[in-house]
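So the structure is just underneath, and the comments pick up after that.
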Amino acid sequence: MVYKIIYWLIYVLAKIVYWFRFVGLENIPQGAAILCGNHTANVDSVLAILALGSTKQHAAMAKEELFKIPGFNWLIRQLGAYPVARGNNDIAAVKFSLKVLKDGLKLIIFPEGTRVRPGQTVEAKAGAAMLAVKTGAPLVPMHITPGSKFFGATVVVGEPFYPQVEGRATAEDYQRITAELMERIWALDPKKN
């Protein structure tokens, strides 16, 4: 009940400020899935959560520093966020992610691992690819309007795909899958279509 109240309060406020719209929500599969989007602003994670609807069926990775802010810590946990130590092999976060998917829930990850300003590029992390291969959950690319989203944010959800590897997956396999995932995310940009 707390989640629904928070969800609708944020939904209304975000709708007023960002005039957001969702495209391709029918591409979100039932059951476990890893939703992966580009990340250029703090509000991206909020928009990704709003796209999933008012029933809490997800968890979202968030940098651990956000959980040190009094009050905000409680709010983001209510929205389904859990901490990850960036730059480290955070085994607790990996185990929690695997449990989320095993429980048939959605997992929201931003593969770039940080906000990337328009025009900048960073090498995406292979964590989403690794989780998809280990669990069999599909990767669902999601493109979020880059940069400022005031009065015009669009979230486009693409078709899910199941990464394939032969034999035991290697670091190269994970990087190849991650590169394909990022290509699929950027291909959803409405300005390119």
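Using only helices, what value at 222 nm comes out for the chain when you add -39,500 (n - 2.57) per DSSP H run of length 4 or more and divide by the total residues, to the nearest 500 deg cm²/dmol?
Calculated mean residue ellipticity at 222 nm is -11500 deg cm²/dmol.
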Kyte-Doolittle cut-off 1.0, length cut-off 15 Å along the helix's own axis using Cα: show which whole DSSP H helices in the chain pass.
2-18, 91-102
Mind checking which of Ile91, Val140, Asn73 is farthest towards the positive end of segment 52-140's charge dipole, using Cβ charges of +1 (Lys, Arg) and -1 (Asp, Glu) about the Cα centre?
Asn73
At Phe72 and Leu9, where each label point lies 7 Å from the Cα along Cα→Cβ, what is the point-to-point distance in nanometres?
1.7 nm
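First obtain the Kirkwood hydrodynamic radius of the chain from its Cα pairs, then insert it into the Stokes-Einstein equation at 37 °C and 0.692 mPa s, and state the resulting D in µm² per second as a whole number.
On the way: Rh = 16.9 Å.
D = 195 µm²/s.
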For a 26 Å ceiling on Cα separation, which of these pairs sit above it: Lys15/Lys102; Lys63/Lys102; Lys99/Lys149; Lys4/Lys63?
Lys15/Lys102; Lys99/Lys149
Could you give the size of the charge dipole of segment 25-92 about its Cα centre, using +1 on the Cβ of each K and R and -1 on the Cβ of each D and E, expressed in debye and rounded to the nearest 20?
160 debye
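FYI, it's all coordinate maths here, none of it is from the lab. Everything numeric in this text was worked out from a predicted model, so none of it was measured. Cβ atoms come from the backbone with ideal geometry, glycine included; neighbour counts cover every protein chain shown.
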